[in-house]
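Worksheet for the structure shown next.
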Amino acid sequence: MPAHSDIGFEFVPADPLLLHAPPLQRTDSNSPVLRLGGHTLGFVSHYLPHGHTYRRLGERSSWPQGPLEPVTLLDDPAPEVGKWIQSVWRAPDGSLFGWYHAEEVVPCAKPLFLPHIGALRSDDDGRSWHLIGEVLRVPYAEADCGYQNGFLTGGYGDFCVVPDRHGEWFYLHYSAYVPDERMQGVSVLRYPVSARDRPAALELWRDGRWQPKVGRQDGTPIFGVERGWRHRDPAAWWGPAVHYNRHLDGFVMLLNRTENGNADIVQRGVFVSFNGDLADPMGWSAPQRIVDGGSWYPQAIGLGPDDGDTLAGAEARFFMSGFSAWSIRFHRGGGTPPQPLVVTRDTFTERFGFAPW
């Protein structure tokens, strides 16, 4: 993998900022943020009583500031299955297309979950959504109660969706928790933007090339696992958040890292990877630690009037679980390798009054 050693970063303290609002104490997934004409539209999700998403506006504001509005999922064939909207894209005609992480309950000794990924559409700026269909799913019979990570029994989820710079393809980078450890990790699929009303012609990155997805196939991970998700203490990157960075003229991926846990998917840090071309999954650089500790779901959200969670410049706000007390600055030119930001429970308590984990 390329090193991209000429890219540096630094964290700058900033006033505390939240993507969510009461009654939520944290967000529980990637949080889409879109700006247009000086207005901001955000979506935050939570897991109680089961997965669901709220809409939040920022009128004449760079950040969502209004009350949380529960979104409505129309014609949902399985409303008992929790669904978190984790990525949103605005089409030229103003309609919104989104992608959700869903979790079916698996009745193991302790209830666990089998996640899958689907697509949906909104014609009223995100207030209500029509489900388009599933994008990536494993059969329910594949759920494995032998998994000991405390949450998951296989499946796919914890993802992000970014279009390429030509607006031709959606690239969906996702976490694969499937039984075959060789196929576990952070993987990627793509399909044409022109097929957004009916996700079709899915292509998996598999064995070093893009291949049409046929039947029950898994892609080759960009970043595999060192110890699989079947164990109490998986060692793996997961939950990618990708944005295009204008200043770098390339893509940035933030990743969660877990290791040495105890059936809790403990967060050991946040890592970053860089790539100049989404069509080349082998172009991602080896993950580099930028946060020691911290919380789930890191994101870099741009500051410009049309930026958001998939577009940023040299400086962006850095979030974890919907909390931000830092900006992150990217630059080229190498220099002294930056030191990771250390974020503990005490750090969160000092900045926000409590820790979200």
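The values are calculated or read from the model by the stated rules, or taken from the named source; none is laboratory data. These numbers were taken from a predicted model, which means no experiment stands behind them. Counting neighbours? That spans all protein chains shown, and the Cβs are built from the backbone with ideal geometry, glycine included. Surface accessibility is based on the protein's heavy atoms, side chains included, excluding ligands, DNA and RNA. Shrake-Rupley method; radii C 1.70, N 1.55, O 1.52, S 1.80 Å.
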Exactly one condition in (1) touching a residue at least 60 places away in the same chain (Cβ under 8 Å); (2) open to solvent by 10 Å² or more (accessible area, probe 1.4 Å) is not met by residue 224; state its number.
(1)
Restricting to segment 308-324, count the residues that are among the polar types (S, T, N, Q) and part of a loop (DSSP other than H, G, I, E, B).
2
I'd like the full set of residues that are part of a loop (DSSP other than H, G, I, E, B) and over 19 Å from residue 86 (Cβ atoms), limited to segment 179-199.
179, 180, 184, 197, 198
Quickly run through segment 200-246 and pick out the residues that are closer than 13 Å to residue 176 by Cβ, part of a strand (DSSP E or B) and either of a type in the set (A, V, I, L, M) or within 18 Å of the chain's Cα centre (by Cα) (or both).
204, 223, 236, 237, 238, 239, 240
Find the residue count for segment 81-107, including only residues that are touching a strand residue (DSSP E or B) at 6+ places or on another chain (Cβ under 8 Å) and in a loop (DSSP other than H, G, I, E, B).
3
Taking interchain pairs and intrachain pairs at least six residues apart, which have beta carbon atoms under 7 angstrom, with the first residue in segment 90-118 and among the β-branched types (Val, Ile, Thr) and the second part of a strand (DSSP E or B) and open to solvent by 40 Å² or more (accessible area, probe 1.4 Å)?
105/113; 106/113
Being of a type in the set (Gly, Ala, Ser), in a strand (DSSP E or B) and surrounded by fewer than 22 Cβ atoms within 10 Å (Cβ to Cβ) is the requirement here; does residue 327 meet it?
yes
Residue 36 is checked against (1) within 29 Å of residue 284 (Cβ to Cβ); (2) open to solvent by 10 Å² or more (accessible area, probe 1.4 Å); (3) at pLDDT below 95 and fails just one. What number does that condition carry?
(1)
Read through the list (1) of a type outside the set (Phe, Trp, Tyr); (2) part of a loop (DSSP other than H, G, I, E, B); (3) touching an Asp or Glu at 6+ places or on another chain (Cβ under 7 Å), then give the number of the only condition that residue 35 fails.
(2)
Restricting to segment 309-323, name every residue that is buried (at least 24 other Cβ atoms within 10 Å of the Cβ), within 27 Å of residue 221 (Cα to Cα) and touching a Gly at 6+ places or on another chain (Cβ under 6 Å).
312, 320
Would you pick out the residues in segment 251-268 that are in contact (Cβ under 8 Å) with a residue 40 or more places away in the chain and at positive phi?
263, 265
Can you find a residue that is open to solvent by 30 Å² or more (accessible area, probe 1.4 Å), closer than 18 Å to residue 194 by Cβ and either in a loop (DSSP other than H, G, I, E, B) or at pLDDT 95 or above (or both) anywhere in segment 119-137?
yes
